[in-house]
Amino acid sequence: MSKWTTANIPDQTGRTAVITGANTGLGYETAAALAAKGAHVVLAVRNLDKGKGAVDRIRQTTPDADVVLQELDLSSLQSIREAAEALRTNYPEIDLLINNAGVMWTPKETTADGFEMQFGTNHLGHFAFTGLLLDNLLPVQGSRVVTVSSMGHRIRAAIHFDDLQWERRYNRVEAYGQAKLANLLFTYELQRRLTGAETVALAAHPGGSSTELMRHVPAAGILTPVVERLFQDAAMGALPTLRAATDPAAFGGQYYGPDGLLQQTGHPKVVGSSDQSHDTALQQRLWAVSEELTGVTFPV
């Protein structure tokens, strides 16, 4: 059986894809691949200067690429609402929403709204952004919401409802695990709510990928030679996301990751997630808390 690559992406002409964190790493590779297949791609980025650089790089490879920028800071609910309003106005129909942006193992800090940075950006930011855009996906046949999680959802991961914002203590690894577990709980609960709708929700993880996400890893500079040998590049790491977003055979609730040893590297396939991520009561409790914290409710 042949391995899935970007060559398997169907023609995307006429489709609109919104990708968060698309100016570098996995998001950039996802945007470049979709643009090369004819999609109109919106790079939703915090840093517009870096975003312009990403647009230029995509157009160097695909001169007729249809790519634009939208400012979005997922650590600010105000920015999320402003970006969503602009996108709702400009794109009555959205085919793909790819929740890719994220931070990993950051020092203790909070978002503009007082949320712990990893939980606030990786989960609550995308929760709010998706809820505000979903009306523009629901009428579109074949529309998808793809959220990027991580193998970190298995590492010391739990939803600490008694201290979601890590105000009593802080462990950067556990906080990342909580955020990435939340991404999967969100995806599975969203898919349950979308039952019977045109839109489906899927998740993906990149395995071990060498990207800027590693910048907060302690001794990252020292580890770089090791990372380069053991991890795959961002283009390979983006393949699970791309397959979840475009494979005609994919369906709601699936989780894609690399097919290699321990899902570290390789080509994308359907993979399993932790038992905890499939806990329906946990999914629903997190959903209710996320609505309360963000003030965003979903039309499903």
For this session: Largest first and in whole Å, give the semi-axes of the range 162-206's equivalent ellipsoid, each being the square root of 5 times a Cα gyration tensor eigenvalue.
Result: 28, 12, 5
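So for each of 76-85, 106-115 I average, over its residues, the number of other beta carbons within 10 Å; can you give me the resulting order with the highest mean first? Mind dumping the intermediate values first?
Details: 76-85: 18.6, 106-115: 14.5.
Most protected by this proxy first, the peptides run 76-85, 106-115.
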Exercise. Farthest toward the dipole's positive end in the chain, which of VAL42, GLN263, HIS205, given Cβ charges of +1 (Lys, Arg) and -1 (Asp, Glu) about the Cα centre?
Worked result: GLN263
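I need the calculated FRET efficiency for the pair THR61 and ASN8, taking r as the beta carbon distance and R₀ as 22 Å, to the nearest 0.05.
On the way: r = 18 Å, r/R0 = 0.84.
After rounding to 0.05, the efficiency reads 0.75.
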Problem set entry | For the chain, diffusion coefficient by Stokes-Einstein and Kirkwood Rh (Cα), 20 °C, 1.002 mPa s, µm²/s | 113 µm²/s
Exercise. What is the distance, in nm, between label points placed 7 Å from the Cα along the Cα-to-Cβ direction at SER274 and at VAL173?
Worked result: 1.3 nm
Seminar exercise, completed: For the chain the mean separation of alpha carbon contacts under 8 Å (6+ apart) over residue count, i.e. relative contact order in percent, is 18 percent
Problem set entry | Per-q log10 I(q)/I(0), the range 132-195, q = 0.17 Å⁻¹ (Debye; single scatterer per alpha-carbon; no solvent) | -0.68
Problem set entry | Net charge of neighbours whose Cβ lies under 12 Å from the Cβ of ASP247, counting Lys and Arg as +1 and Asp and Glu as -1 | +3
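Sorted by packing (mean other beta-carbon atoms within 10 Å per residue), highest first, where do 53-65, 124-136, 167-179 land? Don't skip to the answer; put the middle values down first.
Working: 53-65: 14.8, 124-136: 23.5, 167-179: 17.8.
By packing density, highest mean first, the sequence is 124-136, 167-179, 53-65.
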Problem set entry | Karplus-derived 3J(HN,Hα), 6.51/-1.76/1.60, for each residue of the range 260-277, Hz, glycine and proline x | x, 4, 6, 6, 7, 9, x, 8, x, 8, 6, 10, x, 10, 4, 4, 4, 5
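Can you tell me the dipole magnitude for the range 21-76 around its Cα centre, using point charges on the Cβ only (Lys, Arg +1; Asp, Glu -1), in Debye to the nearest 20? Numbers along the way, then the final one.
Numbers: 6 positive and 7 negative charges, 19 e Å.
Dipole about the Cα centre, nearest 20: 100 debye.
Give, rounded to the nearest 20 debye, the magnitude of the charge dipole that the chain has about its Cα centre when Lys and Arg contribute +1 at Cβ and Asp and Glu contribute -1 at Cβ. Intermediate results must be reported in sequence, preceding the final value.
On the way: 25 positive and 31 negative charges, 131 e Å.
In total the dipole reaches around 620 debye.
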Exercise. Mind checking which aspartates and glutamates have their C-alpha under 18 Å from LYS52, skipping anything on the same chain fewer than 8 residues away?
Worked result: GLU29, ASP64, ASP66, GLU71, ASP73, GLU212
For this session: List the residues of the range 15-48 whose backbone N lies under 16 Å from a point placed 7 Å from the Cα of VAL68 along the Cα-to-Cβ direction.
Result: 15-20, 35, 39-45
Seminar exercise, completed: Note on the chain, DSSP bridge orientation, antiparallel percent to nearest 5 equals 15 percent
For this session: Under a cut-off of 17 Å between alpha-carbon atoms, report the aspartates and glutamates in cross-link reach of LYS108, not counting same-chain residues fewer than 8 places apart.
Result: GLU116, ASP163, GLU167, GLU174
Exercise. Which of the aspartates and glutamates could a cross-linker bridge to LYS269, judged by Cα under 15 Å and excluding same-chain residues fewer than eight apart?
Worked result: ASP247, ASP259
Problem set entry | Phi-based couplings in Hz for the range 3-20 (Karplus 6.51, -1.76, 1.60; Gly and Pro marked x) | 7, 6, 9, 4, 5, 8, 5, x, 4, 9, 4, x, 9, 10, 10, 10, 10, 7
Problem set entry | Cα Rg, Dmax, the range 78-154, angstrom units | 13.8, 42
Problem set entry | Per-residue ³J(HN,Hα) for the range 107-122, Karplus 6.51 cos²θ - 1.76 cosθ + 1.60, θ = phi - 60°, Hz, x for Gly and Pro | x, 4, 7, 10, 7, 4, 9, x, 7, 4, 4, 6, 5, x, 7, 5
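Here, each number is a calculation from the coordinates, and none is a lab measurement. Small disclaimer: the values here were computed from a predicted structure and weren't measured. Please note: Cβ atoms are built from the backbone with ideal geometry, for glycine as well, and neighbour counts cover all protein chains shown.
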